[in-house]
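To keep things clear, I will list the structure first and then write my remarks on it.
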Amino acid sequence: MIENSRRPLWSLAAPGLAALLGAFLLTSLVGPTFTAVRRDLHGDSGLVLWSLVAFVLPALLTAAAGVVLGRRWPAATLLPGVALMVLGLLPMAFAPSVAVLLVGRVLTGLGAGAVIATAALLVVRSKVAAAVLSFAILIALILGPVSGLVLTQAFSWRLVFILSVVVSIVVLLLAVVNEIVVLASRRS
């Protein structure tokens, strides 16, 4: 069992970054990015609602798993959660249709809910860490539409998700190394 009171502060980096990525992905399809996606995929005006529902409902479901499992075994929710975000980002980045994009949103929502809940549980005992994570999530929510605006106007809306795949893979590797080090330090 890994309790958050026994986790070193540095070990919160991977869960924190995963939570930031999840928050970023929630708002990444807002504004000009959404307009470009709707135009390219021939979606109707209801796409924005479906896009949010496809992300938020699965996130709420897996947040419960993040709370139950994340308290005792953070890696049990963090690693699959980030992997689900990667698996969801790939169809989003290369979506040929609205249906494929929405499947990607469901997968990223499933992952985001688990990692955000796990990160919140891990920082709950540290007021400073909780404040830092809360502020960083707020910034990530703002950066979703802002980066979408910049990348969509300069290149393509798909680049938002392609770059998110790269970030997700880095976070996944960091989470694996993080858990190996935490487990190794517990055994010694």
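The values are calculated or read from the model by the stated rules, or taken from the named source; none is laboratory data. Every value quoted in this text rests on a predicted model; they were computed, and no experiment measured them. FYI the Cβ positions are ideal-geometry reconstructions off the backbone, even for glycines, and counts take in every protein chain you see.
Could you list, in sequence order, all residues of region 135-153 that are among the polar types (S, T, N, Q) and either surrounded by 13 or more Cβ atoms within 10 Å (Cβ to Cβ) or not in a helix (DSSP H, G or I) (or both)?
SER147, THR152
Return the residues of region 8-31 that are assigned to a helix (DSSP H, G or I) and touching a Phe, Trp or Tyr at 6+ places or on another chain (Cβ under 8 Å); say none if nothing qualifies.
Within region 8-31, LEU25, LEU26 qualify.
Examine region 109-128 for a residue that is aliphatic (A, V, I, L, M), out of contact with any Phe, Trp or Tyr (no Cβ under 8 Å at 6 or more places or on another chain), farther than 17 Å from GLY70 by Cβ and at pLDDT below 90, and state whether such a residue exists.
Within region 109-128 (the criterion being aliphatic (A, V, I, L, M), out of contact with any Phe, Trp or Tyr (no Cβ under 8 Å at 6 or more places or on another chain), farther than 17 Å from GLY70 by Cβ and at pLDDT below 90), the answer is yes, since at least one residue qualifies.
What is the one condition in (1) at pLDDT below 95; (2) under 24 Å from VAL170 (Cα atoms) that ASP44 does not satisfy?
ASP44 satisfies every listed condition except (2).
Check region 63-75 and report whether any residue there is surrounded by 15 or more Cβ atoms within 10 Å (Cβ to Cβ), at pLDDT 85 or above, in a helix (DSSP H, G or I) and in contact with a Leu (Cβ under 6 Å, 6 or more places away or on another chain).
No, the conditions are met nowhere in region 63-75.
Between residues in region 5-16 that are at pLDDT 75 or above and residues that are not in a helix (DSSP H, G or I), which pairs lie under 9 Å by C-beta distance while being six or more apart or on different chains?
LEU12/SER126
Taking region 76-108 as the region of interest, how many residues are of a type in the set (Ser, Thr, Tyr) and at pLDDT 95 or above?
1
Can you tell me which residues in region 106-134 are β-branched (Val, Ile, Thr) and either under 14 Å from PRO74 (Cβ atoms) or surrounded by fewer than 21 Cβ atoms within 10 Å (Cβ to Cβ) (or both)?
VAL106, VAL115, ILE116, THR118, VAL123, VAL124, VAL128, VAL132
Residues being without any contact (Cβ under 8 Å) to a residue 40 or more places away in the chain and closer than 17 Å to LEU101 by Cβ: count how many of those fall in region 160-188.
1
So, of the residues in region 174-188 that are closer than 14 Å to PRO15 by Cβ and β-branched (Val, Ile, Thr), which turns out to be surrounded by the fewest Cβ atoms within 10 Å (Cβ to Cβ)?
Checking each candidate, the answer is VAL177.
All but one of (1) at pLDDT below 95; (2) of a type in the set (A, V, I, L, M); (3) buried (at least 18 other Cβ atoms within 10 Å of the Cβ); (4) in contact with a Gly (Cβ under 9 Å, 6 or more places away or on another chain) hold for VAL56; state the number of the condition that does not hold.
Only one criterion in (1) at pLDDT below 95; (2) of a type in the set (A, V, I, L, M); (3) buried (at least 18 other Cβ atoms within 10 Å of the Cβ); (4) in contact with a Gly (Cβ under 9 Å, 6 or more places away or on another chain) is unmet by VAL56, namely (3).
Can you say whether ALA19 is of a type in the set (A, V, I, L, M, F, W, C), at pLDDT below 85 and within 30 Å of VAL150 (Cα to Cα), as far as the supplied structure shows?
no
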